[in-house]
Each structure stands twice: as structure tokens, then as C-alpha cells.
């Protein structure tokens, strides 16, 4: 009966039966893990055993938007806590830089082949979060490139995956049946930190009638592309990961000028011929690093490099400016984390973002900077992630039946919302329908109201 109502909700929301952005295409069960299994793994990995729920992991395919506005199929990984009587927050985790298709979260799943996803999955979902991990556009698909550090592509991938996961809740049955509540958390590190802030911005501006971010946790991301990052590029630092530079430049060319763009207009002949094959999803960052010159900007033609450095109207300047994330004011609580010794993404990205947002009146923005002695970009990743997750837990609300307002408890406010649903027949979300149906008969009735009244904590 839940499925019947949910389908009606989705038909109202999406309007059509033909495939469109957000539609779930298919799903595949990867693994199920018990609380005991999870806690043993965490203990051996050096973490406190914190699992409260057994979990299942699925890879999914869903529809999204391509750069041309057409419908495109993307993929991702979702990890679901098991409970038939509770609704959980959705926590999206945006992963760091990936260049190999084989490292897509939907492909590696919860395995030691991808330690970032392995750790995130086994800490968040067993603690009561529906953990959603997009692959991003192009990652895991040999026929597509990944638009690296492009804001809109991240928003589209994330929003439409959330829609697909909500449709998945209709499809699954038995132990894997799950229900989401109205909380939504965004978190990510490095490229994922950028994707987190970009998606938060995109949701607030373009999808606020559908989604509301409870809190956001961007970590070590290059938010100030046109300022801090351009200055860093031209300072000729010791690049520990020089392949990042052509990854950005080629992605921006393909995204804005099309796949038939002539690289010979921008890059030295060897690089114009070589770059397209290097970024085809089969070559690792270390492979590309071995080929790169000491200064990665030397792959550009001399006149292009000079224009890039001195002309504010140059294509690369314009594309980086368009994807800089400082021209808005976050309305949701936003927590920045960054290491001051970051040797890939300077911490000034977070400092400038924080200062700009506060100066423009953002109500709830925080910045945590870790001292240089804790190490570089990779060294402080776990510290940032665990610190952010501790704060997420302070916000978390797991909703029992009757919790109509998704605050984790049943009060007179929930009873009043349920009464309005019965008497006025006002619109309710899919979560609110689930929460108000205490007797599991697919309706809101006086019997549900009596049941909710008996459970109130006031």
C-alpha cells in the first residue's frame, strides 16, 4: 500500500511515465552486512565500533541532465540502514578527485579498493543515515568525460540521484525496505568539498521548492577558482599532483566548447595530441604525473599562457570565474574544514569563502582550520571528515512513526499536523504520509490520530 501512494506522489512530482531527470533506471544489490560484521571491521580498522543498524548497499542508474540539456544516465552507490519502523536522514557524500572509471563508487562498492568510500559507508549508514554517493557525470562510464570542477554538473548529478534513491525506496521490500525523512546533509572532501558547496548553492537557488539542506560540510575544496586557485597556478608551486591542472583545463574546454574543440588552439602539439587519450578514464593520476612538465602550465601554448595570466576575458579566466562559488549567501548551516598545510588546494579557498559569506550576511557559517604541522591535503582528510561527522550527528534526527515534522520525537505539533492531514486533506510529503500512517493501512484516520496522541512526549 505504501508503494501505491508513493507512486502517486512521484507521478504528481515528475508528471510523466517516460524517462526524465531523476527517474530510477535500474538497481543492483551489492552486499548486506550485519551490525556484528560492521563493528568487527571498524575495530580492526582502528575505529570505535559504532554500528546501530545492519546495512545493504546498492548501485543504481538514474536519469540526469547532460550539458546540452538532454537526459543522460548516471550512476552512484547508496547504502541503506535496516529498519521497518524508522525514517532516516539522507546524507550525500561527494567523493574526492577520481580519474579512473574503475574507481567509481558504484563499481568499487564497500570494499578496500576504495578506502574513502569504504570508510564513509561503514561509519554513516550503520549510524542511521541513508548514505548517497554519486559517481558524478562521466565517472565509471567509458563513453563520457567527467566535467571536473564544474558546478552545475555536480548539482544535477546530486539532485537527480536523490530523486532516484527516493524512487528506490518504493521498489525495495523486505529487510531492505527503507524510508527517508526530511533531513538532508551534504558532505565531501577535495573535489567532493567543491561538489558539496556547488550542490548546496544549486539546491538553494534552483531546487528549494523540492529540497532543503539541513547542514552542509564542504572540506578542502577549491571554491575560489578565479582568485586563489589561479594565483596558486601562476605562483609555480611544487605540484604534488600536477595532473589536476590539465584535468581542469580539458574538462572546461569540453564542457563549454564541445567535444570537437581543437586542443591545438590551446596546448603545445604533443599535449594537444595526447591529452584526450590521457583523460579517457583508463589512466591513473600517477601515470599522467610522470609525463607532466615541472610546471604543468607549460603544456599551454606561450601566447595562450600569457593571455590566461594577463587577460581577464580569456576563456579559462571566464570559465573559472563562472564556477567560482562565492557569489551567493548560504541559508543553511555551513561548516568549512581545511588544513593550513594543504599542498594541493590552498586553505585560503575556505578562508575567503567563509569571510565572503559572513560579510554578506550568512547566518550560520563556521570555519575550522587545522595547523600546518598536521600535514598536507591527504594527511588531514580523515581529521576533517571525522570532525564534520561529529557535528552531523548533533543534527541527526531519526523519525519513528508519528513524527510528522521530522524532529525525532512525537509531540502535539505532530498530532496537529496529522489532524490537518485528516480533516483538511492538505498536501503532505511522502515521508509525512508514512509517518502519519501508524496502523499501516495506507490511510490517515482517527485511529492514527489516537495512536499518535498516545505516543506524544509532552
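The values are calculated or read from the model by the stated rules, or taken from the named source; none is laboratory data. Note that this is a predicted model, so its numbers are computed, not measured. Note that we place each Cβ from the backbone using ideal geometry, even for glycine, and neighbour counts take in every protein chain shown.
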### Query
If you scan region 427-458, which residues turn out to be over 14 Å from residue 179 (Cα atoms) and assigned to a helix (DSSP H, G or I)?
446, 447, 448, 449, 450, 451, 452, 453, 454, 455
### Task
Quick one: in region 76-101, of everything that is touching a strand residue (DSSP E or B) at 6+ places or on another chain (Cβ under 9 Å) and either surrounded by fewer than 24 Cβ atoms within 10 Å (Cβ to Cβ) or modelled with pLDDT under 95 (or both), which residue is nearest to residue 211 (Cα to Cα)?
90
### Task
Hey, can you tell me all the residues within region 53-69 that are over 12 Å from residue 136 (Cα atoms) and either in a loop (DSSP other than H, G, I, E, B) or free of Cβ contacts under 8 Å to residues at least 60 places away in the same chain (or both)?
53, 54, 59, 67, 68, 69
### Query
Just for region 286-311: of the residues that are touching a residue at least 24 places away in the same chain (Cβ under 8 Å), crowded, with 18+ Cβ neighbours inside 10 Å and assigned to a helix (DSSP H, G or I), which one is farthest from the chain's Cα centre (by Cα)?
304
### Sole residue being in a loop (DSSP other than H, G, I, E, B), within 12 Å of the chain's Cα centre (by Cα) and touching a residue at least 24 places away in the same chain (Cβ under 8 Å), chosen from 188, 140, 96, 192
96
### Query
Which of the residues spanning region 30-52 are part of a loop (DSSP other than H, G, I, E, B) and either buried (at least 19 other Cβ atoms within 10 Å of the Cβ) or touching a helix residue (DSSP H, G or I) at 6+ places or on another chain (Cβ under 8 Å) (or both)?
45, 47, 48, 49, 50, 51, 52
#### Entry: The one condition in (1) assigned to a helix (DSSP H, G or I); (2) touching a helix residue (DSSP H, G or I) at 6+ places or on another chain (Cβ under 6 Å) that residue 147 fails to fulfil
(1)
### Message
Any residue at all in region 113-126 that's touching a helix residue (DSSP H, G or I) at 6+ places or on another chain (Cβ under 7 Å), surrounded by fewer than 24 Cβ atoms within 10 Å (Cβ to Cβ) and assigned to a loop (DSSP other than H, G, I, E, B)?
### Response
yes
### Query
How many residues are surrounded by fewer than 21 Cβ atoms within 10 Å (Cβ to Cβ), touching a helix residue (DSSP H, G or I) at 6+ places or on another chain (Cβ under 6 Å) and touching a residue at least 24 places away in the same chain (Cβ under 8 Å) when one looks only at region 312-323?
1
### Query
Do we find a residue being at positive phi, buried (at least 24 other Cβ atoms within 10 Å of the Cβ) and part of a loop (DSSP other than H, G, I, E, B) anywhere in region 150-169?
no
### Residue list for region 238-285, restricted to those being assigned to a helix (DSSP H, G or I), under 23 Å from the mean Cα position of the chain (by Cα) and more than 25 Å from residue 318 (Cβ to Cβ)
285
### Summary
Subset of region 246-262, residues under 17 Å from residue 305 (Cα atoms) and surrounded by fewer than 19 Cβ atoms within 10 Å (Cβ to Cβ), comes to 262
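Residues checked against (1) in the same structural domain as residue 243 (by TED's automatic domain parsing); (2) within 26 Å of the chain's Cα centre (by Cα); (3) buried (at least 17 other Cβ atoms within 10 Å of the Cβ):
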position: 354; (1), (2), (3): no, yes, yes
position: 367; (1), (2), (3): no, yes, yes
position: 371; (1), (2), (3): no, no, no
position: 382; (1), (2), (3): no, yes, no
position: 393; (1), (2), (3): no, yes, no
position: 406; (1), (2), (3): no, yes, yes
position: 427; (1), (2), (3): no, no, no
position: 440; (1), (2), (3): no, no, no
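Filter region 195-207 for residues that are surrounded by fewer than 24 Cβ atoms within 10 Å (Cβ to Cβ) and part of a helix (DSSP H, G or I) and give the result.
Correct list: 201, 202, 203, 204, 205, 206.
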